[in-house]
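Participant: I am attaching a structure below and will ask some questions about it afterwards.
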Amino acid sequence: MGDERVSPTAVRVVVVDDDPLVRAGLRMIVGGDPAIDLVGEASDGQEALDVVERERPDVVLMDIRMPRLDGLAATRRLTERGSTTRVIVLTTFDADEMVLTALRHGAAGFLLKDTPPPDLVDAVRRVARGEPMLSPSVTAQLIAAVAQPQDDSRERSARERLDRLTEREREVAVAIARGLSNAEIARELYMGVATVKTHVGHLFAKLEVANRVQIARCVHDAGLA
């Protein structure tokens, strides 16, 4: 399905959605960018596994609700297989508990299906570079949707974990809770992107988390968001 117009270093993408109209829309968006090579499509999670195994794409745009095998299960199976393909979950809702489950299963981030085309293309590029994509417009709502009623023990536990951080690491953690990307954090805190990535790595280790949403949850529980 590759296009001769695309760059030889283009990001290889697979689109997965059971709605033909959605796939057509995504095909028009990502297929029109010379820096992206649309190498495959799938109408459900099981077909997606086959396409990913055959095409070895850099990024998959994965719907959640699909027949046979849904996007959550497909994402989990890709992770279990050790796939290096990064998954961006697509959702219709801006506060969907299943999105958090997808992130736990190894998804690199999530986007709303009505994300403007330029932002969607930018997200694909960022995820391909290894930068998790958590849409700033929905991060806070996602955290609020999955957060359980606050209690003193949860707040105390979160604050104890954050006490392990340096002042700079704490600033980065709060910025992540606001939904900022690495580049945006670098600009706001006047540091290089590489330095931000180093701090984020320290946050994963010190807070014992697996993704940026969990960092944001810890900040939220501590009352610092």
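The values are calculated or read from the model by the stated rules, or taken from the named source; none is laboratory data. Only a predicted model underlies this, so the values are computations on that prediction, with no experimental measurement involved. Glycine also receives a Cβ, built like all others from the backbone with ideal geometry; neighbour counts cover every protein chain displayed. Just the protein is used for accessible areas: all its heavy atoms, side chains included, with ligands, DNA and RNA removed. Shrake-Rupley method; radii C 1.70, N 1.55, O 1.52, S 1.80 Å.
Participant: For a protection proxy built on the mean count of beta-carbon atoms within 10 angstrom, sort 153-160, 51-58, 170-177 highest first, please.
Facilitator: 170-177, 51-58, 153-160
Participant: Size of region 175-225 along its principal axes in angstrom, Cα-based, largest extent first?
Facilitator: Taking max minus min along each principal axis of the Cα atoms, region 175-225 gives 27, 20, 12 Å.
Participant: Over the heavy atoms of residue 197, what accessible area does a 1.4 Å probe trace out, to the nearest 10 Å²?
Facilitator: Using a 1.4 Å probe on the heavy atoms, I get roughly 110 Å².
Participant: A further question follows. Compute the Cα gyration tensor for region 1-84, then decide on rounded, prolate or oblate, letting a ≥ b ≥ c be the square roots of its eigenvalues: rounded whenever a/c is under 1.5, prolate when a/b is larger than b/c in the other cases, and oblate in all that remain.
Facilitator: Oblate is the answer for region 1-84, as a/c is 1.5 or above yet b/c matches or exceeds a/b.
Participant: Can you work out the Karplus-derived ³J(HN,Hα) for every residue in region 42-50? Use 6.51 cos²θ - 1.76 cosθ + 1.60 with θ = phi - 60°, whole Hz, and x for glycine or proline.
Facilitator: My calculation for region 42-50 gives 8, 9, 7, x, 5, 5, 4, 4, 5 Hz in order.
Participant: Karplus couplings for region 13-19 from phi (6.51 cos²θ - 1.76 cosθ + 1.60, θ = phi - 60°), rounded to Hz, Gly and Pro as x?
Facilitator: Values per residue, Gly and Pro as x: 10, 10, 9, 10, 6, 7, 8 Hz.
Participant: Under a Cβ-Cβ cut-off of 13 Å, what is the net charge of the residues other than residue 18 that fall near it, where Lys and Arg count +1 and Asp and Glu count -1?
Facilitator: -3
Participant: Quick one: Karplus J couplings for region 103-109, per residue in order, coefficients 6.51, -1.76, 1.60, θ = phi - 60°, nearest Hz, x for Gly and Pro?
Facilitator: 5, 5, 7, x, 5, 7, x
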